[in-house]
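See structure below.
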There are 2 protein chains.
Amino acid sequence: MKNEKLYDLIIIGAGAAGLTASIYASRYKVRHLVLGKVSGGLTLEAHKVENYPGYKSISGMELMQKFQEHAKSLGAKIEQDEIVNIERKNKDFGITTSQDKKYQTKTLILALGTKRRKLNIPGEKELLGKGVSYCAVCDAIFYKDKIVAVIGGSNAAAMSALVLVEHAKQVYIIYRREKLRAEPVMVDKVETNPKIEIIYSTNVLEAKGKNKLEEIVLDREYKGSKKLKLDGIFVEIGSTPAISLTRKLGVEVDQENCIKVDTYQATNVPGVFAAGDITSGLAKLRQIVTAAAEGAVAATSVYEYLKTK
Amino acid sequence: MKNEKLYDLIIIGAGAAGLTASIYASRYKVRHLVLGKVSGGLTLEAHKVENYPGYKSISGMELMQKFQEHAKSLGAKIEQDEIVNIERKNKDFGITTSQDKKYQTKTLILALGTKRRKLNIPGEKELLGKGVSYCAVCDAIFYKDKIVAVIGGSNAAAMSALVLVEHAKQVYIIYRREKLRAEPVMVDKVETNPKIEIIYSTNVLEAKGKNKLEEIVLDREYKGSKKLKLDGIFVEIGSTPAISLTRKLGVEVDQENCIKVDTYQATNVPGVFAAGDITSGLAKLRQIVTAAAEGAVAATSVYEYLKTK
């Protein structure tokens, strides 16, 4: 414990919220460390970002590279490591990583984002990476001239379908409701694409295949059959806040498991702030620009908190 | 009245908040108009923006051009005109501009920003444009090899001083308190600049000069005199929300005259939303990224509001 370094702030998560928190923390000269499993967060999975003001169209990966360069240019230390434990240590907080590194910090900004929601159907786990995917941007390229389906009706689902048509020969969107809930601009794009077909009011019951996905089972008939032959499914049914590590801290969450924050991005635990998709902040809009704004506010609150200590 | 066009949404103000609201409104296919006196808002006055995530360093003008191009690429109609009246018209809202154009709209996003606070001292009004300025970025170039002073101690004041040293031969910062309240990074920069001198705990009582500013009168001696000879003063003592036009709507404000909004950027008046520096939102941090985030949330709320109508 004597060799642990005591930081003023550790930011957990290196997505849009965490990196912006770092940019602001550097400007406030708050000595800090950014710890994240993957630098870039969920935005990395975005094929195209067209709603971050100032960039008409940019890939999620490129935008997050810019955030990262921005943070680094101001002196940020970003470590890629998985955190296995966060706990209170007297007045401070202790963090342990999967490489058994230990850190201590006076304050925390939790910016861990969300985890993908699963279908929880037979075959989903077994065929993961063999036809079952949670990231069209990452895996679309493996489905050249194949038939695939996106499960879900959100913006992310519509975006995934648009990414997939660039490679696959046929893309289904299978959605349990009667109407997509994506932005109208996105709905237009998928509805007018001749390679995309939308199957409404339908759930997927099972993913089947020997060594790779061969077909899925639907809960109602589509063109005379409950079975649909395809090569890949992309699950896009939302995500849940990544709060498993933060429970020990006693941080309050709402009924959707989002960390409760006030307008200063403060949680109920003194010294612990949160920003981005893991929080209840900003009308739960979950955009890059809202995550960034929350990161800026959280870093400002940390600066104020440390000043008054 | 019959010739007035009825919009779904009119966004008043074309700064970071208003333009982002437009970007999001376009993506939601909400038929809207942006009305603003100057496109770009307060950000235009920023010599350098180094805290908008994704751009390490960019002039305020260039960044706002990017916002504007982004909004226009999605089909935004932006009209440069001054609004002289906003009022309720039955269920809708009516707007009159200085060119006597009239518009009607179902919803409003108020993104009018703030107005500069004045010193209210003798000579300030008379010498405006003749040595008294509220915008270092706009006017610094006219003070080549001159002596100038910035009045104030905020980030904006520090930034103005840094802009001015690039032209002037000597820059004073005159501040009523004992310590600048700018970000530490900014404080360092002005303190270490040999051409900048900070006069603490001092107020300016008067601006004097015949046809142009010649000297100012301080409320305590500096180097043996209450008079300080200089060619220009730049007033940077903050700003107040530009709410004069919005009073008629019955929109509630807080004790600092900021429009009160909830987490959805909704005001107390149905159909009226607000975003950016004019609001009480996001811990009053007043950053480009927070204004943009609020614009995104406000447009989303308008979209939801119109859907349920």
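The values are calculated or read from the model by the stated rules, or taken from the named source; none is laboratory data. Since the structure is predicted, the reported quantities are computational estimates derived from the model, not experimental observations. Heads up, the Cβs are rebuilt from the backbone with ideal geometry, glycines too, and the neighbour counts pull from every protein chain shown. Side chains are part of the model used for accessible areas, which takes the heavy atoms of the whole protein and leaves out ligands, DNA and RNA. Shrake-Rupley method; radii C 1.70, N 1.55, O 1.52, S 1.80 Å.
Return the FRET efficiency for the residue pair B:Met61, B:Lys212: r is the Cβ-Cβ distance, R0 is 41 Å, and the value is rounded to the nearest 0.05. Approximately 0.90, to the nearest 0.05. Split the accessible area of the protein assembly as shown by element, probe 1.4 Å, and carbon with sulfur accounts for 48%. Using C-alpha pairs below 8 Å separated by at least 6 residues, the relative contact order for segment A:207-276 is 16 percent.
The count of lysine pairs in segment A:32-74 with alpha-carbon distances below 19 Å, taking only pairs 8 or more places apart or on different chains, stands at 5. Computed over the alpha-carbon pairs of chain B, the distance histogram in 10 Å steps reads 6, 26, 29, 21, 13, 4, 0 percent, short to long. The label point for B:Arg220 and the one for A:Glu79, both projected 7 Å from the Cα toward the Cβ, are 4.7 nm apart.
Here is the interface size for B with A: some 3700 Å² of accessible area buried, both sides summed, with a 1.4 Å probe. Exactly which GluC sites (Glu not before Pro) in segment B:42-127 are in a DSSP loop and have at most 11 other Cβ atoms within 10 Å? Sites meeting the loop and neighbour criteria: none at all.
Taking 7 Å steps out from each Cα toward its Cβ at B:Lys227 and A:Thr308 produces label points 4.6 nm apart. Rounded to the nearest 5, the antiparallel percentage of DSSP beta bridges internal to the protein assembly as shown is 40%. With contacts taken as Cα pairs under 8 Å at a separation of at least 6 residues, segment A:1-65 carries a relative contact order of 29 percent.
Rolling a 1.4 Å probe over the protein heavy atoms gives segment A:179-247 an accessible area of 53 Å² per residue. Estimated at 0.36 nm per residue, the fully extended path between A:Thr240 and A:Asn193 surpasses their Cα-Cα distance by 13.9 nm. If you take every DSSP beta bridge whose two residues both sit in segment B:208-309, what share of them, in percent to the nearest 5, is antiparallel? Of the beta bridges lying entirely in segment B:208-309, close to 90 percent run antiparallel. Think of segment B:111-266 as a dipole: +1 on every Lys or Arg Cβ, -1 on every Asp or Glu Cβ, centred on the Cα centre; then among B:Tyr222, B:Tyr264, B:Gly209, B:Gly209 lies furthest on the positive end. Among the DSSP helices (H) of chain A, those spanning at least 20 angstrom by Cα along their long axis with an average Kyte-Doolittle hydropathy of 0.0 or more are A:288-307; this is a geometric and hydropathy rule only. Segment A:86-122 and segment B:257-309 have Cα centres lying 32 Å from one another.
Charge dipole (Cα centre; +1 on Lys/Arg Cβ, -1 on Asp/Glu Cβ; no other charges) of segment A:243-309 amounts to roughly 200 debye.
Averaged per residue, segment A:1-134 has 45 square angstrom of accessible surface, using a 1.4 angstrom probe with ligands and nucleic acids left out. For segment A:171-237, what proportion of DSSP beta bridges, expressed in % and rounded to the nearest 5, is antiparallel? Here the share of antiparallel DSSP bridges comes out near 65 percent.
Unpaired Cys in the protein assembly as shown, meaning no second Cys C-beta under 4.7 Å: A:Cys258, B:Cys258.
Across segment A:66-140, C-alpha contacts under 8 Å between residues 6 or more apart give a mean separation that, scaled by the residue count, equals a relative contact order of 15 percent. Among the residues of B:270-283, the average count of other protein chain beta-carbon atoms within 10 Å of the residue beta-carbon is 2. Residues in segment B:268-273 carry Karplus couplings, in order, of 6, 9, x, x, 10, 10 Hz; the curve used is 6.51 cos²θ - 1.76 cosθ + 1.60 with θ = phi - 60°, and Gly or Pro positions show x.
When you filter the trypsin sites (Lys or Arg not before Pro) in segment A:1-99 for DSSP loop state and at most 12 other Cβ atoms inside 10 Å of their Cβ, you are left with A:Lys2, A:Lys91. If the segment from A:Arg181 to A:Thr96 were pulled out straight at 0.36 nm per residue, it would be longer than the present Cα-Cα gap by 26.6 nm. Each of A:Lys89 and B:Lys125 was given a label point 7 Å from its Cα along the Cα-to-Cβ line. The distance between the two points is 6.3 nm.
Going from the isolated chain to the complete set of protein chains, segment B:54-71 loses at least 50 Å² of heavy-atom accessible area (1.4 Å probe) at B:Gly54, B:Tyr55, B:Lys56, B:His70.
For segment A:206-280, the number of Lys pairs with C-alpha atoms closer than 30 Å, counting only pairs eight or more positions apart or on separate chains, is 13.
Per residue of A:188-196, count partner chain C-beta atoms within 10 Å of its C-beta, then hand back the mean as an integer. Mean shielding by partner chains, rounded to a whole number: 0.
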